[in-house]
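Every number in this text was worked out from the coordinates using simple rules, so none of it is lab data. Keep in mind the model is a prediction, meaning the values are calculated, not measured. Neighbour counts are summed over all protein chains in view; Cβ atoms, including those assigned to glycine, are modelled from backbone coordinates with ideal geometry.
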Amino acid sequence: MAKMRSPDRTLRGAVALLTVFVVLGATVLLLAARPSLAAFPEAAAAIDPHLAGWAFMAAATSTALATLGAGYAVARVGSAAVGAIAEKPELFGRVLVLVGLAEGIAIYGLIVSILILDRVGR
């Protein structure tokens, strides 16, 4: 009989993978934002570098935390959804909506990051 992984171990693996993606995404966000300020010297002169650094960290943190929350929510809802669909296949549409709502959490964090970065660019 094959040994099954425990749900906690699977959840830890998913969170670890999401953390790697969040760190890579935050790094790309921070590195991509710096040259864009250099391309517009008048905008770069109007921004206090200390405050701009905090704004970039806030944008990265909002995306990171929202993504971690979404990963946790999708892991919980997704595992329950698979169990529900296994028992009643007609619940597929309802369950798909619930998983989509859980994924929406990451989009909210991304929108907050875009709003923060837009404010820095002004």
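Placing pseudo-labels 7 Å out from each Cα toward the beta carbon at residue 61 and residue 91 gives an inter-label distance of 3.9 nm. Report note on the peptides 82-95, 62-75: ranked by the mean count of other C-beta atoms within 10 Å, highest first, their order is 62-75, 82-95.
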